[in-house]
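J.: Below are the structure tokens for one structure; questions will follow.
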Amino acid sequence: LQEIERKLNSNNIFISGSAEEYGEFTKEEAEDLIKLLSKKLIKEGFNIISGFGVGVGSAVITGALEEIYMNNIRINNQRLLLRPFPQGNDARRLWTQYREDMISRAGVSIYLFGNKKQDGNIVEANGVKEEFDIALDSKHIVIPVGCTGYMAQKFWQQVNLYIEKYYDEVDDEMLELFQCLNNKMSNEDIVSNTIKLINHFRR
């Protein structure tokens, strides 16, 4: 049943990530990358689901809306589903269930950056880690864009080490595309390789 649900949801892309800083990217480069990714996903006919992560979510929305409005596409919850997290101490206990519900609507998960500020320090974003674990439990196709660093690079290294554990069909083309995700290229090339990898699994 999970496999059937995953195939039905394979057109729905969950974008996970948060960023107080952007590592090898300038803030402008990072925001342009995220916006370009969202625009291209919408243009290619994918639907986007996002949890409004700090430093990532607003660029996801901007990129998606630019493509939607440019082509007079009707905006609805199918093309762009935004799920800002409820705030407050009482609401935090619902976050895991909230993530599970959000992620269950997708079949592919993309990971970008993945850091946050805690006690004045930049640390790995545990919420992004939880979203990765939930996606794996849901048998998602996970796409960590390792060149963005932080949790995304950690996920890329984890998947790369045991790649046949994470992907059903591993061939030379797929391996080449996956390896490219850990190399900082132009934003256009990063986005192109990401979408090519998603399409590779949807054949």
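J.: Taking only protein heavy atoms into account and a 1.4 Å probe, give the accessible area per residue of the chain in Å².
T.: Result: 52 Å² of accessible area for each residue.
J.: Another question, if that's okay. Given a Förster distance of 45 Å, report the FRET efficiency between ARG202 and ASN126 from their Cβ-Cβ distance, rounded to the nearest 0.05.
T.: Step by step, r from the Cβ atoms, then E = 0.90.
J.: Another question, if that's okay. What is the sum of charges, Lys and Arg at +1 and Asp and Glu at -1, for the other residues whose Cβ falls under 12 Å from the Cβ of LYS184?
T.: Summing Lys and Arg as +1 and Asp and Glu as -1 gives -3.
J.: If the convex hull of the alpha-carbon atoms of the stretch 114-203 is projected onto planes in all directions, what is the mean projected area in square nanometres?
T.: Its average projected convex-hull area is 6.2 nm².
J.: Tell me, how many Å apart are the Cα centres for the stretch 99-157 and for the stretch 162-198?
T.: If you average the Cα positions of each part, the centres end up 16 Å apart.
J.: If a/c stays under 1.5 just call it rounded; otherwise compare a/b with b/c (prolate if a/b is bigger, oblate if not). Do that for the stretch 117-163, with a ≥ b ≥ c from the square roots of the Cα gyration tensor eigenvalues.
T.: Because a/c hits 1.5 or more and a/b fails to exceed b/c, the stretch 117-163 counts as oblate.
J.: Would you indicate which of (i) 16.5; (ii) 17.7; (iii) 16.9 is the value of Kirkwood radius over Cα pairs in Å derived from the coordinates of this structure?
T.: Working out Kirkwood radius over Cα pairs in Å from the coordinates points to (iii).
J.: Of all beta bridges DSSP finds with both residues in the chain, what is the antiparallel percent, to the nearest 5?
T.: Around 20 percent antiparallel, to the nearest 5.
J.: Filter LYS117/LYS139; LYS139/LYS184; LYS39/LYS117; LYS35/LYS116; LYS116/LYS196; LYS39/LYS184 down to the pairs with a C-alpha to C-alpha distance above 26 Å, please.
T.: LYS117/LYS139; LYS139/LYS184; LYS39/LYS117; LYS116/LYS196
The values are calculated or read from the model by the stated rules, or taken from the named source; none is laboratory data. Note that the structure is predicted; figures quoted are calculated from it, not measured. Note that we place each Cβ from the backbone using ideal geometry, even for glycine, and neighbour counts take in every protein chain shown. The accessibility values were calculated without ligands, DNA or RNA, using every heavy atom of the protein model including side chains. Shrake-Rupley method; radii C 1.70, N 1.55, O 1.52, S 1.80 Å.
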